[in-house]
Structure formats: structure tokens, C-alpha cells
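Below: the structure, in C-alpha cells.
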Amino acid sequence: MGLGTVGRAVAKILWERNDADSLFRLTHICNRNVQHKKQAWGNEPWFPNDVVWTEDFHTILNSDADIVIELIGGLHPAEDIVRGALTAGKSVVTANKQLIARHGPDLLQLASANGCQLEFGASVAGGVPVLPALRTGLSGDRMHGIAGILNGTCNYILSRIETDRIPFSEALEEAQARGYAEADASEDLDGGDARAKLSILALAGLHVRVSPGDIRARTIRPIDAVDFDYAAELDCTIRQISRADLKESTLFADVGPSLVPASSPFGRVQRNLNLVLTSGEYGGDMAFLGAGAGGDPTAVAVVSDLMFVAESLAAGSRSPGSRPHHPLQLASPKISCDFETPWYLRFLVKDQPGIIASLAAILSAHQLNIDAVLQNPGFDKNALPFVITLEPCRDAQLHPALQEMAALPFTLKPCLCLPILR
């Protein structure tokens, strides 16, 4: 279902890996304007001569196909297609992060009730096998924390600003020209993509039900080259970090730009790579690094899931209810973004006497302690950037102070507030 970049790569891998012991064969291709797809790609050796090309999904539902690969993306009509396949007893392999993030728990229940399987290893971090690891290799641990660089577009833009100190707008245009960012990149830049992936990681690793909309997402748009200058003085750099920590009955979750040590695993990730760090009670910390997007890496994850399902079916294992990596009993914790961390506050002001005193008075009134004040020379006094770092405090404690400081007459823009993750 869906013969785009990933779909073609999947078909090619299936053809190139095909041998006498193959557990599966491609029977149907379903796509809108399917004749156009057939004219463009139907003569490739990747597609068997007897494959059925159709625009009608019911052709597949009524066939003897055992597994449906859903690569359409989005919620509609993908949700109806996946539910229809599972209801018909057909296992599903999908790369659809939005679908799994919003309906994953219900779809897993539906798969279990109908004796089939739902696999979604390609829905997060493309070719990085973090989801299979969480659902199988680490299922014996008790996971309590997950953090990651989950969006290659944001990581590319931020690493380009860092490397050449170019403006955000120039880095975005470059990402779009290279095909790393859509014309409308809002879903990436404003954190929507990453929080959907974080929701799936929390489902698979922390065994909790959390809607993406309940996770706070902060945009990377205000980040400028000057922030990397000040971050470097703190031995840090800036990355979009998605993090989730389960503490008793509360899931602390957040997505957005953060300062991270330049020498840390996050600080060393460049361009459009993805990195996921997991923390377990028994196994400690694990790291997963690799290409988070692209036709071939994502197709590898899809085919890996396909092989897993095919082997299960060949072995006669029709019920995933006994498999430990699909937790059907999920907790529904309280969702909070009230992390306690040090903070980086970057101000842009019209210079005048008493600025630091005014800001310090507000911070003191809210019992917030200043750690350092950084101000580099050479900037226009009518648009002067400088930084205050704070000792660890809770997000909820800081927010009222930010509102007061934004109303001060010398403030040209709202303060850029970033957590410092040590």
C-alpha cells in the first residue's frame, strides 16, 4: 500500500533478496493513480509479472495475502486500511508514525483479538533498530527513560548553523534544497514529528499510553548563530532533544531545542542522523545511532518487520498475545513537562543602564538563582544579545518569571529559554 520512495525500495529489496527459501512473495500493489505508477515502474524487475496492480484496497482484503505493508502515511485513509486488514486477520507492517502514535494501543489490541500481528519498527528513526530492540532485546529490563535526536531535518539545520554560523533561514533553505525538509517544514521545526515518535517510543519502551498532543513541543525557529557562540562558552551545543522520564505515576516528556555537552553523544551527532539513548533499571544506558530517514534505511526496517512476521506465520505462531514485546496492558500516567534542570536564557535588548538589575530582581522574587551572565562585545547596542544561565529549577517555577521579564520596556524579543541537559 503506497508505492513511493520507501515502497519502491521495499520491492527492490524483496526482489534482490528473493531465493528458493523465501518466506514471502509480492502479490499486490495498491496506490492512487496506479496506472501511472505501473507505467513508471512496472517494467522494473523488482515487480513480478503476476503482481496485481489496483486502486481498490478491497481487492487485497478479499485476497489470500497474509501480510499488508502500509506505506501511505498520515491518518486517512491509512487508519481505515490498517483496521480493515487486521479485522480480516491479515498482519500489518507499517512505517506510519502518526497512525501508531495516535492509535497504536488500540490497533495492537485489534491485532491480538484477530490472531494477527502489527509491526511498526520503521515508524521511528528509520533504519535505526531501536523499536525492535525495545520490544525484544530490552524487554527483560524495566525501562524508565528515553531521550533522542529523532528528527533529521532539525538536526541538519542546527548542525549547519553550528558549523558555519549561518542564519536559521539560510540553513532551512539549504535543507529544503537538499530534500531534507519539506516546503512547509512546520511539522519538523515545531516538534510535531519528534513528539509523535517520542509517543511511540514511550509505548514500546515504557509501556505507557501517551497522545502526542499531550507532549509539549518547542520550536527551533528562534535559534540563531549567536546561541551557538554562547553555548560553546558553556562547552555545549544545541540540538532538538526529545525526552521522556517515567517516575512513579508521572511521565515527564518534552520535545525542543536544548543545550547538551559538546562532548556528549548528542553533541557529536551531525547532519541528518538520529540517536536514541535508553535507560533501564537493570541494563543501564544503551545507544542507537544511524540514518533516521531515506528510502533504503526505512525500507530495511520494513523488510525486517516483514521477515519477522513471515517467520512467525511459517512457524504457526498466529497469536502475538504471548509475545513480550507488544504490551497490551498499558499505564496511563499523568503527563508533565515540569522538568528540573539548569536553564539558558538569551535576551535581546535595547541597551540601557539597569537591565541586569531589573532581570535579577524578577529572578530573585521567584527564588531563581543566577549561575552566570555572559555578554560578548561587538554587538549593536540597539539589539544586544546576552545570556543568563540559571541553577536547576522547575519549569513551572521559571515560567511566571519569563512572563514578567517579557513585559520589560527594554526587551526587543521574548527571551529564548532552553534547558541545559548535563
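FYI, it's all coordinate maths here, none of it is from the lab. Everything numeric in this text was worked out from a predicted model, so none of it was measured. No Cβ is skipped: glycine too gets one built from the backbone with ideal geometry, and neighbour counts run over all protein chains shown.
Data table
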| quantity | calculated |
| --- | --- |
| Mean projection area, nm², convex hull over Cα of the range 196-284 | 6.9 nm² |
| Net charge of neighbours whose Cβ lies under 12 Å from the Cβ of Pro385, counting Lys and Arg as +1 and Asp and Glu as -1 | -1 |
| Global size of the range 1-53 as Cα Rg and Dmax, reported in angstrom | 10.8, 34 |
| Karplus-derived HN-Hα couplings along the range 182-188 (A = 6.51, B = -1.76, C = 1.60, θ = phi - 60°), whole Hz, x at Gly and Pro | 6, 4, 9, 9, 4, 4, 7 |
| Cut-off under 5 Å, modelled amide H: who pairs with Cys393 long-range | Thr341 |
| ³J(HN,Hα) computed for each position of the range 278-290 - Karplus, 6.51 cos²θ - 1.76 cosθ + 1.60, integer Hz, glycine/proline x | 10, 10, x, 5, 9, x, x, 9, 10, 10, 10, 10, x |
| Theoretical FRET efficiency, 1/(1+(r/R0)^6), r = Cβ-Cβ of Glu55 and Ala361, R0 51 Å, to 0.05 | 0.15 |
| Ratio of the Cα radius of gyration of the range 233-292 to 2.2 N^0.38 Å, where N counts its residues | 1.23 |
| Residues of the range 353-367 with amide N under 15 Å of the 7 Å Cα→Cβ point at Phe410 | 353-363 |
| Helical segments meeting 27 Å axial Cα length and Kyte-Doolittle 0.5 threshold in the chain (DSSP H) | 295-314 |
| Convex hull (Cα only) mean projected area of the range 214-340, reported in nm² to one decimal | 11.1 nm² |
| Percent of beta bridges antiparallel (DSSP, the chain, rounded to nearest 5) | 75 percent |
| Compactness index (Cα Rg / 2.2 N^0.38 Å), the range 1-104 | 1.05 |
| Pairs of alpha carbons in the range 57-114 whose separation is greater than 20 Å (percent) | 14 percent |
| The range 38-185 pair-distance distribution - Cα-Cα, 10 Å bins, rounded % | 9, 27, 29, 23, 10, 1 |
| Principal axis dimensions, the chain - Cα atoms, whole angstrom, descending | 79, 46, 33 |
| Pairwise FRET efficiency - Glu233 versus His399, Cβ, R0 = 30 Å, nearest 0.05 | 0.70 |
